[in-house]
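Beneath this line is the structure, given in structure tokens, with notes to follow.
The values are calculated or read from the model by the stated rules, or taken from the named source; none is laboratory data. All values reported here derive from a predicted model rather than from experimental measurement. Don't worry about glycine lacking a Cβ; one is built from the backbone with ideal geometry, like all the others, and counts go over all protein chains shown. Note: accessible area is taken over every heavy atom of the protein model, side chains too, but ligands, DNA and RNA are not part of it. Shrake-Rupley method; radii C 1.70, N 1.55, O 1.52, S 1.80 Å.
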Amino acid sequence: MYENGKIYMGLADGARVELALNMCNRHGLIAGASGTGKTITMKVMAESFSDAGVPVFLCDVKGDVAGICAPGVSSEGMEKRIDRFGLRGSFAYKGYPTTFWDIYQTGGHAVRATVSDMGPELLSRILSLTPAQEGILHIMFRIADDKGLLLLDLKDLRAMLNYVSEHRAEYMMTYGNITPQSVAAILRALLPLEQQGGDLFFGEPPLDIYDWMRTDADGRGMVNVLDCVKLVQNPTLYASFLLWMLSELFESLPEAGDLEKPKLVFFFDEAHTLFRDAPAVLVQKIEQTVKLIRSKGVGVFFVTQSPSDIPDAVLAQLSNRVQHALRAYTPAELKAVRVAAQAFRANPAFRAEDAILELSVGEALTSFLDEQGVPTIVQRTKIVCPQSLMGAPEPMARMKAMLHDGMEKYDDAADNLSAYEVLTEQADAAALEKQREEERLAQEKAAAEAEKQRAKEEAAEEKRRQKLEDEERRRAQKLEDEERRRAQKLEDEARRKAERQQREDAFMKSPLAMARRYIKLALAGVGITSYEDLEGFPKRWYMDWLWHDPLGCPSPNLDDLFRLADWAGVDPFEMIAGHELSSVWHKYTEERPPEDARVLCKLCGCAGRYGEYIYKGGKWYFPDLDDEACEANILVSAWTEVIPE
């Protein structure tokens, strides 16, 4: 509650605990477990800033902060608290000038920022890009500036990224290397932001930050309430918005130094979502912005469950602290309580660590900077009650506030000419030109194909005609060749027939034919009249010559014929030469052949074995060898001078 130029926060051991207005740009922290009164403390401070003429920005995470637009409701408990804090006579239930905002455009006016306003550096931090990807994002922004292309929404960003990737060869030597893999990674990183509602946040008309820094006709600061019920569930978009807002304030507001009161105060509820899993570069950017924005006259209060939710680098910048109760059931939670207690300037009256665990709802440990910037000792403070409604307002109250806040200019989105439209138009024109060129080339190709087809058909017709001529020529040649082969065949057959006849005639006149007749007659005399009757003869197959074609079958040798005679039981000479045994054979040694006579011998010990030898000096010699020393070592049983042809 704002009184006497200070914010009355509550009572500690009956003494008033106040927050110096000129120290509120040193930032602050409101921490505590769920249900311990953090939201009430935030509303009390917001109401006090508004009464002091300081515009306020609140994040409504649960939907109950919006009740600040409506007056509170009297109750027995409220009346007791009014008396306890000594506010009887000065306390009044009232609503505060409120402007509702909602990125999703359902619970308030739209909040929009252009991609150009966000810039490549903040986008890189939000999207967690690598240095190489951030470099390509800077190149893309530079090319857009050089070509006069506006980057307003995400479709402009996507269109520009695709354009740079497609024309990377043109820009490589001017701006540096642009790899399609890095561009694809940036486009992929945009997907979560789009799915969380980034297409609603990026666009026009962009928010004018000075529209948050207004006062009403009574001089009260405007309370800007951002509906975060859905937004807090999408941490990427939430972080994008908060980081953009702080950066926009830092860049837009002039240096102000130390003022009697801040120009604007922000309360970031559920602040842990801003830092959870945040890359180091993003935390560094938030730390830098929080540290430097103080000189612009802006105060930032983070609202979260535990001080450990805030990075140490940022926590060090928060000088005004309100610590509600913490619950500790694990060693890690006890350590968090101890760390939170050590952050306060000690009060000899109690141990801060014990007090944090004992605080009741609506009670907190507080330590603020005094007017000289010195932290006060920690106090166990009962927080005063808010004057506005503690809870969600009626829908009609919200609608009434939106109708009279003068911010309806943000309700309708504007889709002005930007990079997407320009590049789409260029792409369409290029596509049309390409289509025309393709049609021209298609016509030329069709004409060429038609000419080619005509030439092909003419060639095919010529080929067909030539083929017919060739076939006719080959047919005539074939007939001629067949006639020649037929004549040659007839001639060859006549020649072969004549030759065979000559051979047959010569054979029939030969001694071999006579021997063949004698053999057949001799064998017929013992009942052998065909090849089948020789069953059991070892060389039966040679004897086929006797009853079949004598010219087509090989004739047997003399030894085989003698074996056949022995096997059939006939005299070989009677069989071969038509002589009888008694008039042909001479028994050796009773009769000896003439000296140097060449005779046919029947050998002893070799059944059916015959041979020609020369008898000389009582010894036998081989007839085909000139060397007289080649004596034949044989035993002769009979000899004859009749040798078959």
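Compared with the alpha-carbon gap, the fully stretched path from LEU441 to ASP492 is longer by 11.3 nm at 0.36 nm per residue. For region 321-395, the extents of the C-alpha atoms along the principal axes are 45, 39, 18 Å, listed from largest to smallest. Each residue of region 210-218 is assigned a 3J(HN,Hα), and the resulting list reads 6, 5, 8, 10, 10, 10, 8, 4, 8 Hz, derived from the Karplus form 6.51 cos²θ - 1.76 cosθ + 1.60 (θ = phi - 60°), x at Gly and Pro. Give the cross-link partners of LYS296 among the aspartates and glutamates, using a straight C-alpha distance below 12 Å as the criterion and excluding same-chain residues fewer than 8 apart. Leaving aside aspartates and glutamates fewer than 8 places away in the same chain, those within reach of LYS296 are GLU248, GLU251, GLU255, ASP258. Counting only alpha carbon atoms, the long axis of helix 280-293 and the longest principal axis of the chain meet at about 20°. Take the Cα of LYS616, step 7 Å toward its Cβ, do the same at LYS434, and the gap between the two points is 11.2 nm. Set the Förster radius R0 to 22 Å, insert the Cβ-Cβ distance between ARG276 and LEU357 as r into 1/(1 + (r/R0)^6), and round the FRET efficiency to 0.05. According to the calculation, E is roughly 0.30.
Per the Kirkwood formula applied to alpha carbons, the chain shows a radius of gyration over Rh ratio, Rg over Rh, of 1.75. Pair-distance distribution P(r) for region 299-436, from all Cα-Cα distances in 10 Å bins starting at 0: 9, 24, 19, 14, 13, 10, 7, 3, 0 percent. Residue order by solvent-accessible surface for HIS138, HIS272, HIS324, HIS404 is HIS404, HIS138, HIS272, HIS324, largest first, with ligands and nucleic acids left out and a 1.4 Å probe.
For ASN224, nonlocal amide neighbours, meaning residues 5 or more places apart or on other chains whose placed amide H falls under 5 Å from its own, are VAL56, PHE57, LEU58, THR99. Taking 20 Å as the straight-line reach from the Cα of LYS520, the lysines in range (excluding those fewer than 8 positions away in the same chain) are LYS509, LYS539. The relative contact order of region 16-162 comes to 12 percent, based on Cα pairs under 8 Å that sit 6 or more residues apart.
Is the C-alpha gyration tensor of region 485-530 telling us rounded, prolate or oblate? Criteria: a/c under 1.5 is rounded; beyond that, a/b larger than b/c is prolate, otherwise oblate. Working shown, then result.
Values: a/c = 8.45, a/b = 2.72, b/c = 3.11.
In terms of gyration-tensor shape, oblate.
Antiparallel beta bridges, as assigned by DSSP with both residues in the chain, represent about 60 percent of the total such bridges. In order along region 28-35, the phi-based Karplus estimate (6.51 cos²θ - 1.76 cosθ + 1.60, θ = phi - 60°) of 3J(HN,Hα) comes to x, 9, 10, 10, x, 5, 4, x Hz; Gly and Pro are listed as x.
When each pair of different Cα atoms in region 171-218 is counted once in the 1/r mean, what is the Kirkwood radius in angstroms, to one decimal?
Details: mean 1/r = 0.0683 Å⁻¹.
Here the Kirkwood hydrodynamic radius works out to 14.6 Å.
Database remark: amide H of ALA632 closer than 5 angstrom to the amide H of TRP620, TYR621, PHE622 (H placed geometrically; neighbours at sequence offset of 5 or more, or on other chains; Pro and chain starts carry no H).
Nearest 500 deg cm²/dmol is fine: what mean residue ellipticity at 222 nm does the chain get from its DSSP H runs of n ≥ 4 alone, each adding -39,500 (n - 2.57), divided by its residue count?
Details: 19 runs with 281 residues, N = 645.
The helix-only estimate for the chain comes to -14000 deg cm²/dmol at 222 nm.
Greater than 27 Å separation of Cα atoms is the criterion. Which listed pairs, LYS38/LYS263; LYS291/LYS400; LYS6/LYS335, meet it? Violating the 27 Å limit, Cα to Cα: LYS291/LYS400; LYS6/LYS335.
With the simple spin-label model, which puts each label point 7 Å out from Cα in the Cβ direction, the MET396 to GLN342 separation comes to 5.6 nm. Spin-label model, ALA316/THR330: points 7 Å from Cα along the beta carbon direction are separated by 2.8 nm. Backbone geometry of region 163-173 corresponds, through the Karplus equation with coefficients 6.51, -1.76 and 1.60 at θ = phi - 60°, to 3J(HN,Hα) couplings of 5, 5, 5, 5, 10, 4, 5, 6, 9, 4, 6 Hz, x marking Gly and Pro.
When a 1.4 Å probe is rolled over the protein heavy atoms, the share of accessible surface on region 207-338 that falls to carbon and sulfur comes to 49 percent. From the largest down, region 436-533 spans 110, 31, 15 angstrom on the principal axes of its Cα atoms. When the surface is traced with a 1.4 Å probe over the full set of protein chains, LYS261 keeps roughly 80 Å² accessible. Under 5 Å between amide hydrogens, built in the peptide plane, is the criterion, and for ALA638 it picks out TYR588, LYS602 among residues at least 5 positions away or on other chains. Farthest towards the positive end of the charge dipole of the chain, among the residues SER319, VAL298, LEU191, is the Cα of SER319, using unit charges on the Cβ of Lys, Arg, Asp and Glu. With the highest mean first, a sort of the peptides 367-373, 64-70, 4-10 on other beta-carbon atoms found within 10 angstrom per residue produces 64-70, 4-10, 367-373.
Straight-distance candidates among the lysines for linking to LYS445, with alpha-carbon spacing under 21 Å and chain neighbours fewer than 8 residues away dropped: LYS434, LYS456.
Once you order the gyration tensor axes a ≥ b ≥ c over the Cα atoms, which shape class does region 233-356 get: rounded for a/c under 1.5, otherwise prolate or oblate by comparing a/b with b/c? Judged from the Cα gyration tensor, region 233-356 comes out oblate (a/c at least 1.5, b/c at or above a/b).
Compare TRP547, TRP585, TRP101 by solvent-accessible area with a 1.4 Å probe and give them largest first, with all protein chains kept in place. Mind showing how you got there, number by number?
On the way: TRP547 60, TRP585 30, TRP101 0 Å².
Ranked from most to least accessible, the order is TRP547, TRP585, TRP101.
So if I place +1 on the C-beta of Lys and Arg and -1 on the C-beta of Asp and Glu, and nothing else carries charge, what would the dipole magnitude of region 149-196 be about its Cα centre? I want it in debye, nearest 20.
120
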